[in-house]
1. Out of these labelled values of Cα extents along the principal axes in Å, (i) 47, 29, 23; (ii) 46, 34, 31; (iii) 70, 39, 20, which was calculated from the coordinates shown here?
2. Residues with amide H under 5 Å of GLY44's amide H, sequence separation 5 or more or different chain, H placed in the peptide plane at 1.01 Å from N; which?
3. Rounded to whole Hz and in sequence order, give me ³J(HN,Hα) for the stretch 55-62 from the Karplus expression 6.51 cos²θ - 1.76 cosθ + 1.60, θ = phi - 60°, writing x for Gly and Pro.
4. Might you work out the accessible area of THR137 for me, using a 1.4 Å probe with all protein chains in place, and round it to the nearest 10 Å²?
5. Tell me the accessible surface of SER51 in square angstrom (1.4 angstrom probe, heavy atoms of protein chains only), to the nearest ten.
6. From the backbone phi of the stretch 137-143, what are the Karplus-calculated ³J(HN,Hα) couplings (6.51 cos²θ - 1.76 cosθ + 1.60, θ = phi - 60°) in whole Hz, Gly and Pro given as x?
7. If you count only protein heavy atoms with a 1.4 Å probe, what accessible area per residue comes out for the chain, rounded to a whole Å²?
8. With all protein chains present, calculate the accessible area of ASP20 using a 1.4 Å probe and round the result to the nearest 10 Å².
Amino acid sequence: MSYALSVSLKPDAPIGAIRDELRLFSNDAESPSIPIMVSAVIRGDLTAAPSVLSLGQVHSSAGAQGRFIVRASRPFAIRSIEGAGDGFLTSAPDPARQSTHVVTVAYKPEDGANLGDIRRVFRVHTDLPDEPAVDLTATLHVVP
C-alpha cells in the first residue's frame, strides 16, 4: 500500500531553515505512528550566488579576488556592505536600482597577517524594506 502526502507552507512563513517531524497515526497495531521528516529552506526575494566564494590559496605576497551576484525579482539599490578590513575590500555599494548587482570581494594579506584558513562573512544591506540583509561568505587559505 502507498500514500501520497503533500506538505505546504503558509505564505507568510519566515525566511530561514525549517526542520521538523510530522507523525502519521494509523490503526495498524504493528506501526501505530510513522515519523516523517520535513525540511525546507525558505529564501527571501533577495539571493546571492555562489553561496560560498572560494578565493583559493593566497600567497602572503599576493592577493585574490572574486565576485558575488546579488539578485532580486524587483530592482533594488545596495545601501551598504559590512565586513571589509583585515586585508579584505569590497566594491563600493551601488546606489543604482537594478535587479542584479555584482559585488567584488578582494583580499590582500596585510603585514603580519595570520596564515591558514580564513572565512569572512560580508553583509549586504539593500533598500528593499521587507527583505533582511543577505550574507556573503568568502573563504581562502593564506600560505607564506
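1. Correct label, based on the coordinates given: (iii).
2. Here nothing satisfies the definition.
3. 8, x, 8, 10, 7, 4, 9, 10
4. 20 Å²
5. Accessible surface of SER51 is approximately 100 Å².
6. After applying 6.51 cos²θ - 1.76 cosθ + 1.60, I find 10, 10, 10, 7, 10, 8, 10 Hz.
7. Accessible surface, normalised per residue, equals 67 Å².
8. 90 Å²
The values are calculated or read from the model by the stated rules, or taken from the named source; none is laboratory data. No experiment lies behind these values; they were computed from the predicted model shown. All Cβ positions, glycine included, derive from the backbone under ideal geometry; neighbour counts span all protein chains shown. All accessible areas refer to the heavy atoms of the entire protein, side chains included, with ligands and DNA or RNA removed. Shrake-Rupley method; radii C 1.70, N 1.55, O 1.52, S 1.80 Å.
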